[in-house]
Amino acid sequence: MVSILVACASGIATSATVAAKVQKMLDERGVPAILKAVEMAKVEDYVKQGAADIVMPVVKTDEDYGVPSFSGMAFLTGMGEDKVFEQLVETINSIDLNKKN
């Protein structure tokens, strides 16, 4: 199953809210994925450990983690949410989990 990290400064409130919303949207669409809210400072470690297929920061960042990244702000504000969601679903469906590690 595809693993998505939703990250904010503390990994508690904002990222948890976005993760829950996106998880519900994916579940309703039948798209298999697991979302986890984390703090930004730990994203790189998760990616290096192979624990993230996609990163979704809810803060502004230009960091390249080597995996697909989507702005979580769209799901927080609702602005551009439909477009980002469709791109996210396409990316999830394109990930070949057999090639992981």
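The values are calculated or read from the model by the stated rules, or taken from the named source; none is laboratory data. The structure presented is a predicted model; accordingly, all values stated were derived computationally and were not measured. With ideal geometry, Cβ positions are generated from the backbone for all residues, glycine too; neighbour counts draw on all protein chains shown.
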Seminar exercise, completed: Subset of region 52-68, residues under 16 Å from Asp96 (Cα atoms) and over 12 Å from the mean Cα position of the chain (by Cα), comes to Gly66
For this session: Evaluate region 58-73: report whether one residue or more is surrounded by 19 or more Cβ atoms within 10 Å (Cβ to Cβ) and in a helix (DSSP H, G or I).
Result: yes
For this session: Looking for whichever is among the β-branched types (Val, Ile, Thr) and touching a Lys or Arg at 6+ places or on another chain (Cβ under 9 Å) here; the options are Val84, Val43, Val89. Which one fits?
Result: Val89
Exercise. Which of the residues belonging to region 3-31 are modelled with pLDDT of 95 or more, outside any helix (DSSP H, G or I) and more than 12 Å from Met56 (Cβ to Cβ)?
Worked result: Gly30, Val31
Exercise. Name the residues in region 27-56 that are buried (at least 17 other Cβ atoms within 10 Å of the Cβ) and basic (Lys, Arg), would you?
Worked result: Lys36
Problem set entry | Top-ranked residue in region 75-94 [being closer than 16 Å to Arg29 by Cβ and without any contact (Cβ under 8 Å) to a residue 24 or more places away in the chain; ranked as surrounded by the most Cβ atoms within 10 Å (Cβ to Cβ)] | Val84
